[in-house]
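Asks: Just passing along the structure, written as C-alpha cells.
The values are calculated or read from the model by the stated rules, or taken from the named source; none is laboratory data. Bear in mind that the values here come from a model prediction, so they are computed numbers and not experimental data. No Cβ is skipped: glycine too gets one built from the backbone with ideal geometry, and neighbour counts run over all protein chains shown.
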Amino acid sequence: MPAQNAIPPVSQKISNIGVIGAGAMGHGIAQVFAQAGFHVKLNDVSLSFIEGGMKRIDSNLSRSVEKRRISDSQKMEIISRLSPTPDLADFSDRQFVVEAVLEKIDTKKTVFKKLDEVCSKSSILASNTSSIPITELAALVSNPGRVAGMHFFNPVPVMKLVEIVEGLQTSPETSATIRDLSLELGKTPVLVKDSPGFISNRIVCPMINEAIFTLQEGIASKEDIDTVMKLGMNHPMGPLELADFVGLDIVLDVLEVLYHEFQDPKFRAAPLLRKMVRAGYLGRKTKRGFYDYGAL
Ligand code: CAA
C-alpha cells in the first residue's frame, strides 16, 4: 500500500511585523518586510538608534530609485509602512516579531521575557541570532512552540538565504509560517535543527578562523589569502575581508560557542583573532580590522 502523505502544517497568515534592533541586521530585516508589503514596527533602545536604521533604509531605497527598480512613490509607500517605536509595549498587536538585538545571551533573554509579557500568546517570536541556542530562548516564554530562529544574512536586502532554526519546542506551524514569510520576502529558506552555528556559521566561521591561522603563521599576506578564495574558489569576498564585514567580535563569539558546545579543539579561535578583538579592531564597524577603512 502506498504510504499516506503527511498533512502539511498550516502556516499562520501574517500581516504585521515587529522588528527589534535597528542595527546592521535589524534595519535590513525591517526593510525587506516593508518592501514585501508588511506593516512593520521598528524598535530599538533609543529613538536615535531607530533613526540611524531608518536613514540606512532610506539610502538603500534611494539607490533602488536611482537604478529605476522602484519609483519615488513606491519608495514613499515602503517607508510609510515602517513605524519607529522605542517602546516595546507597542508590540502588543504584532503577529510576528523578529529580534535582531546584540548577540549577547543576556540581552536576548531580556527581550524574550519582555515579549512574553507584551505580545499575545499566539504571536510568533523569532530570533535572528547567529549562535545562541533557540531552545534556550524558547524556554523563557509561555507556549514555546511559537519560537524559532529566522537567520538572515548581511546585507539582508541582497542575500537570498534564510535559515529557519527549529528549537526542541518549535511547532511545525511556526516553521511553516517562517518558511512562507521567507518566500514572500523573495528569500530561499532552509530548515535546520537547533545546533551550534546552525549550518552557515558552523562552516563559515572555521573557514575564516583557518584563514586567520594562515595569516598568523606568516604563510601568506592577507591580500593573497583573500585572492586565493576569491579567484580560486569564486567567493565574493576573501575570508579576511568577510571577517571585517561580519565583525571580528561576532566571528569570535561564534567560534567560542562552537568550541564550548562541541568540546572539540578544531573550533579553537586563532590567537590573532582574540588579540584583534581585544585591541578593538573589529572590522568595518570600527574602521579597522585586517584592513583599514579609515577613508569609508
Ligand atoms: N545594503 C543593501 N544593499 C547593499 C549593501 C548593503 N549593505 N551592500 C551592497 N549592496 C548592494 C549594492 O547596492 C549593489 O546593488 P546593485 O546591484 O543594485 O547596485 C549590490 O549589493 C552589489 O554591491 P556592490 O556592487 O557595491 O559590491 P559587490 O558586488 O562587491 O557586492 C556584497 C557586495 C553583496 C556585500 C558581496 O561582496 C557579497 O556577497 N559578499 C559576501 C557577503 C556574505 O557572505 N554575507 C554573509 C555574511 S555571514 C552572515 O551574515 C551571518 C552571520 O550570522 C554572521
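Asks: Please tell me if residue 201 is polar (S, T, N, Q), modelled with pLDDT of 95 or more and closer than 22 Å to residue 27 by Cα.
Replies: yes
Asks: For the stretch 236-253, name all the residues that are within 7 Å of the ligand (Cβ to nearest atom) and either in a helix (DSSP H, G or I) or touching a residue at least 40 places away in the same chain (Cβ under 8 Å) (or both).
Replies: 242, 245, 246, 250
Asks: Given the conditions (1) without any contact (Cβ under 8 Å) to a residue 60 or more places away in the chain; (2) within 26 Å of residue 245 (Cβ to Cβ), and given that residue 131 satisfies all but one, which numbered condition is not satisfied?
Replies: Among (1) without any contact (Cβ under 8 Å) to a residue 60 or more places away in the chain; (2) within 26 Å of residue 245 (Cβ to Cβ), residue 131 violates only (1).
Asks: Looking at residue 154 and the list (1) assigned to a loop (DSSP other than H, G, I, E, B); (2) touching an Asp or Glu at 6+ places or on another chain (Cβ under 8 Å); (3) among the polar types (S, T, N, Q), which single condition is not satisfied?
Replies: (2)
Asks: Looking at 195, 142 in this structure, which one is part of a loop (DSSP other than H, G, I, E, B), within 16 Å of the ligand (Cβ to nearest atom) and small (Gly, Ala, Ser)?
Replies: Answer to the check: 195.
Asks: Against the conditions (1) outside any helix (DSSP H, G or I); (2) among the small types (Gly, Ala, Ser); (3) loosely packed, with under 14 Cβ neighbours inside 10 Å, where does residue 48 fall short? Just the number, please.
Replies: (1)
Asks: In addition: What do you reckon, is residue 203 in a helix (DSSP H, G or I), loosely packed, with under 15 Cβ neighbours inside 10 Å, under 21 Å from the mean Cα position of the chain (by Cα) and within 11 Å of the ligand (Cβ to nearest atom)?
Replies: It is true that residue 203 is in a helix (DSSP H, G or I), loosely packed, with under 15 Cβ neighbours inside 10 Å, under 21 Å from the mean Cα position of the chain (by Cα) and within 11 Å of the ligand (Cβ to nearest atom).
Asks: For the stretch 148-185, name all the residues that are within 14 Å of the ligand (Cβ to nearest atom), surrounded by fewer than 16 Cβ atoms within 10 Å (Cβ to Cβ) and free of Cβ contacts under 8 Å to residues at least 40 places away in the same chain.
Replies: Result: 158, 159, 160, 161.
Asks: Next up: Give the stretch 120-150 a look and list any residue that's closer than 23 Å to residue 259 by Cβ and in contact with a helix residue (DSSP H, G or I) (Cβ under 7 Å, 6 or more places away or on another chain), or say none.
Replies: If the condition is that a residue be closer than 23 Å to residue 259 by Cβ and in contact with a helix residue (DSSP H, G or I) (Cβ under 7 Å, 6 or more places away or on another chain), then 127, 128, 129, 130, 131, 132, 137, 149 are the ones that fit.
Asks: Given the options 17, 78, name the one that is at pLDDT 95 or above, more than 30 Å from residue 253 (Cα to Cα) and among the hydrophobic types (A, V, I, L, M, F, W, C).
Replies: 78
Asks: Looking only at the stretch 171-196, which residues are over 28 Å from residue 266 (Cβ atoms) and in contact with a helix residue (DSSP H, G or I) (Cβ under 6 Å, 6 or more places away or on another chain)?
Replies: 171, 174, 185, 189, listed by residue number.
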